[in-house]
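The values are calculated or read from the model by the stated rules, or taken from the named source; none is laboratory data. Just so you know, these numbers come straight off a predicted model, no measurement behind them. Don't worry about glycine lacking a Cβ; one is built from the backbone with ideal geometry, like all the others, and counts go over all protein chains shown.
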Amino acid sequence: MIITELTVAKGILDQGKLLAIPTETVYGLAANAFDGSAIAQIYAVKNRPQFNPLILHSNSLERFQSWGIHLPKEALKLAQTYSPGPITFVVPKSNRIPDIVTAGHSTVAIRIPNHELTLALLQMLNYPLAAPSANLSGTVSPTTAQHVAQQLGHLIEGVLEGGPCQIGLESTIVSFVNEKPQLLRLGGLSVEAIESVLGLNLNLNAIINNENPQAPGMLSKHYAPAIKLRIGKPQDFSNAYSFAEMAYIAFNEPHPQIPLSQQFILSPKGNLVEAAQKLFAALKQADQLPVKIIVAALFPNEHLGRAINDRLSRAARN
């Protein structure tokens with residue numbers, strides 16, 4: 001059910017039920033973070049491993065502080081610059097946060113989403129929302145209410161309509177629990193932007209991909225369409241597949257031999273922000289085509305291009 005009234009959305013959450021909410025990154029599957037049984041429903045609906053922690057959402061740092069969650073000095077500096085926005089902070093957890101939210105870790109991931117409708121909803125609530133992406137675990141993240149309704153509409157109470165997501169990639173995650181900030185996930189805020197505020201270089205080679213993650217989006221296999229996805233040039237796969245059997249996702253240049261109806265050129269003008277916004281929708285559309293393989297070209301490995309390449313590399317492990 002598509003919902004447009006905030007009072008209806010609040011009622012669903014207050015009853016311990018699940019509601020998909022819009023953010024600037026992707027749509028999230030939200031529940032009362034203080035309600036362990038509601039959080040358990042998130043894991044069940046998504047078929048999400050319970051060792052994969054969730055992100056808490058609220059509308060201000062003051063609200064998080066009232067729940068015993070405090071940001072260290074460097075994290076606070078970053079938050080004052082880029083929150084609300086596509087940045088998530090991993091910090092020591094509060095005793096008020098159920099262990100099911102953090103997958104038993106002593107840390108918690110928090111963020112303030114930059115979406116006017118969801119900020120208004122969060123202001124109405126006396127609890128934070130735990131909200132991973134509103135999709136089945138491991139599949140492509142949703143960037144419209146319709147994406148959510150098609151996959152999860154029969155499993156959840158409703159979807160708050162907030163229009164298409166303006167960024168289209170999940171938030172960047174930075175941990176502040178050790179002596180130095182650690183980049184845990186590439187995302188909608190570029191590494192360069194974060195480094196400019198912190199005044200230090202983050203180690204891009206230290207991103208952890210494991211089966212007991214500290215934060216969401218760190219599993220090695222993630223964001224995968226049902227059709228096999230591979231990274232490279234179409235000609236790299238032409239011995240096994242004809243060009244007519246391929247879908248193609250690329251930055252700004254089409255391929256001359258693949259049918260245009262099977263190509264997704266994310267930014268003809270060469271804008272990485274535009275490309276990031278369109279990535280997940282392109283993956284979903286390509287997955288519906290009568291093709292045998294999706295070929296994705298590498299994007300410029302800078303700014304949001306790094307995050308796009310990260311998502312594609314994880315999707316290619318299908």
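Scanning region 64-81 for residues that are touching a residue at least 60 places away in the same chain (Cβ under 8 Å), surrounded by fewer than 19 Cβ atoms within 10 Å (Cβ to Cβ) and part of a helix (DSSP H, G or I) gives E74, K77, T81.
If the condition is being surrounded by fewer than 24 Cβ atoms within 10 Å (Cβ to Cβ) and either of a type in the set (V, I, T) or on the phi > 0 side of the Ramachandran plot (or both), then region 285-301 contributes V291, I293.
Quick grid of which residues meet (1) more than 22 Å from S83 (Cα to Cα); (2) polar (S, T, N, Q); (3) assigned by TED's automatic domain parsing to the domain that holds S171:
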{"position": "L6", "(1), (2), (3)": "yes, no, yes"}
{"position": "G16", "(1), (2), (3)": "yes, no, yes"}
{"position": "Y27", "(1), (2), (3)": "no, no, yes"}
{"position": "N32", "(1), (2), (3)": "no, yes, yes"}
{"position": "S37", "(1), (2), (3)": "yes, yes, yes"}
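Test each condition in (1) over 25 Å from S190 (Cα atoms); (2) assigned to a loop (DSSP other than H, G, I, E, B) for A9 and report the one that comes out false. Result: A9 fails condition (2) only.
Name the single residue, out of those in region 86-109 being in a loop (DSSP other than H, G, I, E, B) and either of a type in the set (F, W, Y) or touching a helix residue (DSSP H, G or I) at 6+ places or on another chain (Cβ under 9 Å) (or both), that is nearest to A44 (Cα to Cα).
Our first condition is that a residue be in a loop (DSSP other than H, G, I, E, B); within region 86-109, this holds for 86, 93-98, 103-106.
Still in the running and either of a type in the set (F, W, Y) or touching a helix residue (DSSP H, G or I) at 6+ places or on another chain (Cβ under 9 Å) (or both): 93-94, 98, 105.
Numbers: K93: 23, S94: 24, P98: 17, H105: 20 Å.
This residue is P98.
Only residues that are part of a strand (DSSP E or B) and over 18 Å from D35 (Cβ atoms) were counted across region 110-156, and they come to 2.
Starting from region 260-278, take each residue that is in contact (Cβ under 8 Å) with a residue 12 or more places away in the chain and list its partners that are acidic (D, E) and not in a helix (DSSP H, G or I), counting only C-beta distances under 9 angstrom and pairs at least six apart or across chains. What qualifies is I265/E253; P268/E253; L272/E302.
Considering every residue within region 185-197, establish whether at least one is in a strand (DSSP E or B) and at pLDDT below 95. Spell out how you get there, then give the answer.
Quick first cut of region 185-197, residues in a strand (DSSP E or B) only: 185.
Filter once more, so that each one left must be at pLDDT below 95: 185.
The answer is yes; a qualifying residue exists.
Pairs meeting the criteria (first residue in region 159-185 and assigned by TED's automatic domain parsing to the domain that holds A149 and at positive phi, second residue surrounded by fewer than 21 Cβ atoms within 10 Å (Cβ to Cβ) and hydrophobic (A, V, I, L, M, F, W, C), beta carbons under 8 Å, at least 6 apart or on different chains) are G168/A281.
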